[in-house]
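Enquirer: Quick one: the structure is below, questions incoming.
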Amino acid sequence: MEKEYFAHSSAIVDEGCTIAKGVKIWHFSHIMSACIIGENCNIGQNVVISPEVVLGKNVKIQNNVSLYTGVTCDDDVFLGPSCVFTNVTNPRSAVNRRGQYSKTHVGKGASIGANATIVCGHDIGAFAFIGAGAVVTKTIPPYACVVGNPAKQIGWMSEFGHRLDFDNEGIATCPESNEKYKLEKGKVEKLDFDTPNNSVGILSLTN
């Protein structure tokens, strides 16, 4: 049966992977065993995806990214050039900690900038925005914008990737989509005007 995904001739795809249709895997990338890659993912040049990593649909991975065992990404995640995930908090060359990997989950629609480092065990909330070069050492809430080393929150981002400016009532409007968001008790939620009473959909950090 002909495969439904594209892999460049220089890429290595180990046996036991589950790769959905429409996936593109580019030059010199290595997809290791037991990975699950959803539909229409684009995996750039020189990317390493370690065993048992799980990617949702439409995940875009730029060149030179490393995803190690324990990482899962929801749909529509963007991983910028040379960003990296860790999976052991106290690595030593002479100590074998295989099987003791900490997990990191990246929520739907989140973006991680170029050269950012995600220290393992800290989830990234849905639609969060991690600035270039940031070092994430704690869990990041949905819609948060963080920068620096260690990463600190400087604001909130819309689902279209724009900074949100909240008024005195805690309401902000995305300048591109015109979708509205509410900031309350340190959390941001998108207002859904298609449901009764303008109820708000809460995006989870978990699968």
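The values are calculated or read from the model by the stated rules, or taken from the named source; none is laboratory data. All figures in this text were calculated on a predicted structure; none of them were measured in a lab. Please note: Cβ atoms are built from the backbone with ideal geometry, for glycine as well, and neighbour counts cover all protein chains shown.
Enquirer: For the subset of the range 38-48 comprising residues that are more than 14 Å from the chain's Cα centre (by Cα) and in a loop (DSSP other than H, G, I, E, B), which member is farthest from H8 (Cα to Cα)?
Expert: Only one residue tops the list, namely E39.
Enquirer: Could you list, in sequence order, all residues of the range 21-47 that are under 20 Å from A110 (Cβ atoms) and touching a strand residue (DSSP E or B) at 6+ places or on another chain (Cβ under 6 Å)?
Expert: V23, C35, I36, I37, G38, C41, N42, I43, G44, V47
Enquirer: Run down I112, I154 and say which single residue is buried (at least 23 other Cβ atoms within 10 Å of the Cβ) and in contact with a Cys (Cβ under 8 Å, 6 or more places away or on another chain).
Expert: Testing whether each residue is buried (at least 23 other Cβ atoms within 10 Å of the Cβ) and in contact with a Cys (Cβ under 8 Å, 6 or more places away or on another chain) leaves just I112.
Enquirer: Then there is this: Within the range 81-90, can you find the residues that are in contact (Cβ under 8 Å) with a residue 12 or more places away in the chain and not in a strand (DSSP E or B)?
Expert: If the condition is that a residue be in contact (Cβ under 8 Å) with a residue 12 or more places away in the chain and not in a strand (DSSP E or B), then P81, S82, C83, T86, N87, V88, T89 are the ones that fit.
Enquirer: Determine, yes or no, whether F78 is aromatic (F, W, Y) and free of Cβ contacts under 8 Å to residues at least 24 places away in the same chain.
Expert: Criteria not met by F78.
Enquirer: Can I ask one more? Any idea which of (1) within 23 Å of G22 (Cα to Cα); (2) out of contact with any Leu (no Cβ under 8 Å at 6 or more places or on another chain); (3) crowded, with 21+ Cβ neighbours inside 10 Å is the one V53 doesn't satisfy?
Expert: Condition not satisfied by V53: (2).
Enquirer: For the range 65-117, name all the residues that are on the phi > 0 side of the Ramachandran plot and touching a Gly at 6+ places or on another chain (Cβ under 7 Å).
Expert: If the condition is that a residue be on the phi > 0 side of the Ramachandran plot and touching a Gly at 6+ places or on another chain (Cβ under 7 Å), then D76, N115 are the ones that fit.
Enquirer: Does the range 49-80 hold any residues that are part of a loop (DSSP other than H, G, I, E, B) and closer than 17 Å to H122 by Cα, and which are they?
Expert: V53, Y68, T69, G70, D74, V77
Enquirer: Continuing with this model, one more query. In the range 1-52, what count of residues is obtained for those that are under 17 Å from V84 (Cα atoms) and in contact with a Phe, Trp or Tyr (Cβ under 6 Å, 6 or more places away or on another chain)?
Expert: Count: 4.
Enquirer: Using beta carbons and a limit of 7 Å, which pairs, at least six apart or on different chains, have the first residue in the range 110-127 and closer than 11 Å to C145 by Cα and the second one acidic (D, E) and surrounded by fewer than 21 Cβ atoms within 10 Å (Cβ to Cβ)?
Expert: Here the result reads F127/E159, each pair linking the range 110-127 to a residue that is acidic (D, E) and surrounded by fewer than 21 Cβ atoms within 10 Å (Cβ to Cβ).
Enquirer: Are there any pairs with C-beta distances below 9 angstrom linking a residue in the range 1-16 that is among the basic types (K, R) to a residue that is modelled with pLDDT of 95 or more and part of a loop (DSSP other than H, G, I, E, B), with the two at least 6 apart or on different chains, and if so which?
Expert: K3/K21
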